[in-house]
Each structure stands twice: as structure tokens, then as C-alpha cells.
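A quick write-up on the structure given underneath.
The values are calculated or read from the model by the stated rules, or taken from the named source; none is laboratory data. Keep in mind that what you see is a predicted model, and the values were worked out from it rather than measured. Note that we place each Cβ from the backbone using ideal geometry, even for glycine, and neighbour counts take in every protein chain shown.
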């Protein structure tokens, strides 16, 4: 099965406040959502070792992708073109030219070029369009190549997070407006309103803010936010709305240290700082534009690295590292990895860290788990976190991750007392789950932790969404219940997915 590995968090310090070049954010989004075989395939397509000019006109464009799609989805194809496709189109070298190869070509195009409104207009494909009909007894249907291919474009661009260009085009031509407070400009105040709106309507954070403490926005601004979501997500079928709103805000306004602080958002909308937009921005910005090689994260490569590591662990060839040398693997090792990741991301020096000298030395000198020559980089640390998670019992996991802020900060205070270095409050729960939950490991759906998957798991999720203060889901339940868009945390989509699986089982 092809796996989607969600990008891990990475924090950075302030950047300059100058606006970025057009599409700068899209150009810098790492291609971490590519499939394993595409790691080598796409560079070969780029340098011409794999032919992408399907129609032989001397260039590579969407027509090539659409024609390939038609060939692999039973649309009538000219014999000469069919022969050309069959001779050059086995991109994954499995001995067959099929829909998987078509997907590879389309995904390669989207990562290079993005998607624009003209690409979703059937008239764009009028020169190559065709209809496929089926009539057999009581069954009959017809389909059109342009419509089917456009649907494929939308699906793959959503998967790859490659539709920012479509969103930006809509904003700049006035089709949609991100100026939700109506003051004539789009800035971080609008972004904060979108965040508060989304938090109240769509998001679910594990350490939920009580309803009585949630920021209040006016009915007018709420309606403006809802209109934007309806236009972009429903009418235009663009996913990743808030991420794209972040990208566009950064491009238009630049970003500085103040936009990475909770106090800044409290000054915009009272009480909004606790919703952690500042941390979300750090999380995303440092993924899009890492400040050094230790923070460069590639989800596709990480998938390979972690698979190798876990196979070695399972075979008894290596052991999980003991970060502090005390002879046991426990919560201290998990917290050490988390704290060092925070130090790495905030560019903290050894003397300014609460970590003991021997722990710091382990990470900086003896923690090159993936063998890339960088000890303690973002890949190494994420491998450790996931390795600890998978090796721990359910009880150990709950002891670590339930009330994780309280647990890790108590540990930090203990280290601070021993080292004399001031403790910095740490909020590791971030926006959804610990980094370990960002990996597309198969989830059972057992949200209530009773050992079975049934309708009660969907009910548990819906109860927690409606009243998170009364209905709590354990860490293991949150992990197993995240079956829809794995890595985005518990949402109503997970409840719906569980119900769908039960109905179709």
C-alpha cells in the first residue's frame, strides 16, 4: 500500500519581515507526500531518463497527463499513441503500463507546476476530449475524459498539497476574499480570525480550551469566515484552506518573531493566544523554509529510514537508544528527545539547555540513526519518538501522553533545578498529536479502547467533539481512532469513516 507520511514539526527563529516572491511558499513546500518509488522516479523524469512527452510534441504538459490517463482508463486511444505509451510509460518498472503509472506522471506535473483554474476547465482539453460509453443489458453509463481527468487532478493536488496556486489565483482575481474583518487588507488579524473560527467549528485539540474561555468573534466576521470556507472548500473543491491562507499571509506580509508569540495574537483577538496559532505558524513555516540542514524534513525519505530502523529493532539487530545512559528506556528518554527537538528547532545552545551534558552529547554526537552524517537531526529525533511510541505498552503510552504538558514540564522543572538553567514552559501537544501520530501507520478505529471496533467508537468520537470537557479519549484511543486523513487528529471525519467501514464490512 502506498503510504502518506505527514511532515514532522520544526520550529525556527525570527525571519525578516520582507514579503516573499510570488509563489515562494508553494515552491518551498517539501515533496514529502510523494510515494516511495517516486523518490528516484521524479528526478529521472526531470532529467529526461524517463520520457514524459507522451504525445511527442516536444514538450511536457497537462495534455500528456490527460492522454496517459485516458489510455489507462479504457478510453479509445489512437494506435500509434497507444504504442508510444506502452513503450515509454512503465515508470515504476513493474512490467505493466497502468493507472499507477498515469498517477505518477500527473503527480510529477503537479509538483512542478501546481494547478490553476484553466486546468480545471473542460474546455482546456477540448482537442483531446472523448466520451466512453457502456451498454450491457440493464446497465449503461457514459463518462467524459476531461471530467474524469479534472477529478484526478483535484484528488492528486489535494493529496500532494499542490493546489496553493489555485487558491492564490482565486484570491488575487477577487473570486474569494481572505479579508474577513473587512478592513481592506489581508493580514495576521484576518488569519487569527480564521483560526478562531476554524477552532470553534472544525478543529479538535486534545487539551481543549473550555467553551467559557474560547475567544468570541462577531456574527459578521463569523459569517465572512464561513463564506470563505464554503467558497474554497465546497465550491472550488480546494483542500488545505488554512495552510494556504497561512502561505498567502506570509507571502504578502512577511513574518517576524512577534508573529511566533502567543501574546501577539492575544493583542489581536483577546484570548486567542491560547489556541496556539503562533505554534502552528512555527510548525508550518519551518517545514516550508527550514533555516538549516538539521531541520530539513522529507517525509518520503523518512518513511524509508524509519522502516529500516524498525525492521532492525524487530529483528533484535539494534536497540532503542538510552538517551541518558541510565540503563532503562522510559519516559525520561521520550522527554529528552522532545526537549532536544525543541532546542534544535529554537537554535538553543548547549549551555542554555536544561538537558544534562551527557544527554546533549548523546544527541549531538551519538544519534545519527539514519546514517546521513548529521547526529540528532529532525529525522533522527522523529525516528526516536515513533520508536519509543511503538515499543511502549498502552499503559506506558497513556502515562506519557495523557496530560503530556503537565508531565513534560514537571520533568523540565526537575532538570532545571539540577542544572540551574531556567525552565522554559513547553507545550508539546501542539495542534494535534505528538509527532508520532503524524505517521501513516494503519489505525484500527478502536477509539474507546475496548479492544473491538464498532459503532460505539464512532459515538465516542462524536461525544468528544461535542463536549471535550466531559468526554475524554485516551492517547491510544486518539491514535487508533484517527482513521480518516491520518495525522490530522480526531475529527468528525473519523467517526464517519468508522461508520462507513462498519456498513461496508
Enumeration of residues in the range 445-472 that are closer than 27 Å to residue 283 by Cβ, assigned to a loop (DSSP other than H, G, I, E, B) and modelled with pLDDT of 75 or more: 445, 447
Looking at 63, 53 in this structure, which one is modelled with pLDDT of 95 or more, out of contact with any strand residue (DSSP E or B) (no Cβ under 6 Å at 6 or more places or on another chain), in a helix (DSSP H, G or I) and not assigned by TED's automatic domain parsing to the domain that holds residue 307? 63
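Condition check ((1) under 15 Å from residue 382 (Cα atoms); (2) at pLDDT 85 or above) across all residues:
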| residue | (1), (2) |
| --- | --- |
| 271 | no, yes |
| 276 | no, no |
| 282 | no, no |
| 302 | yes, no |
| 305 | yes, yes |
Name the one entry in 301, 308 that is outside the structural domain of residue 197 (by TED's automatic domain parsing) and touching a helix residue (DSSP H, G or I) at 6+ places or on another chain (Cβ under 7 Å). 301
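Just need a number here: residues in the range 265-278 that are part of a helix (DSSP H, G or I), crowded, with 19+ Cβ neighbours inside 10 Å and touching a residue at least 24 places away in the same chain (Cβ under 8 Å).
Total meeting the criteria: 5.
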Could we say that residue 324 is in a helix (DSSP H, G or I) and either modelled with pLDDT of 95 or more or surrounded by fewer than 21 Cβ atoms within 10 Å (Cβ to Cβ) (or both) here? no
Residue hits (the range 345-359; in a helix (DSSP H, G or I) and surrounded by 22 or more Cβ atoms within 10 Å (Cβ to Cβ)) are 345
What's the number of the condition residue 410 fails, among (1) closer than 29 Å to residue 290 by Cα; (2) out of contact with any helix residue (DSSP H, G or I) (no Cβ under 8 Å at 6 or more places or on another chain)? (1)
Restricting to the range 114-145, and then to whatever is in contact (Cβ under 8 Å) with a residue 24 or more places away in the chain and within 27 Å of residue 38 (Cα to Cα), can you tell me which residue is surrounded by the most Cβ atoms within 10 Å (Cβ to Cβ)? 115
Within the range 360-378, restricting attention to residues that are modelled with pLDDT of 90 or more and assigned to a helix (DSSP H, G or I), which residue is surrounded by the fewest Cβ atoms within 10 Å (Cβ to Cβ)? 365
Kindly indicate whether residue 85 is surrounded by 15 or more Cβ atoms within 10 Å (Cβ to Cβ), part of a helix (DSSP H, G or I), at negative phi and not assigned by TED's automatic domain parsing to the domain that holds residue 251. yes
Can you name the residue in the range 291-305 that is crowded, with 19+ Cβ neighbours inside 10 Å and closer than 27 Å to residue 253 by Cβ and is also nearest to the chain's Cα centre (by Cα) among such residues? 297
Exclusive hit being within 27 Å of the chain's Cα centre (by Cα) and on the phi > 0 side of the Ramachandran plot, set 320, 347: 347
Please list, ordered by first then second residue, the pairs with beta carbon atoms under 7 Å, 6 or more apart or interchain, first in the range 491-505 and at negative phi, second at pLDDT below 70. 491/204; 492/465; 493/485
Based on what the data block shows, is residue 339 within 29 Å of residue 473 (Cβ to Cβ), assigned to a loop (DSSP other than H, G, I, E, B) and out of contact with any helix residue (DSSP H, G or I) (no Cβ under 6 Å at 6 or more places or on another chain)? no
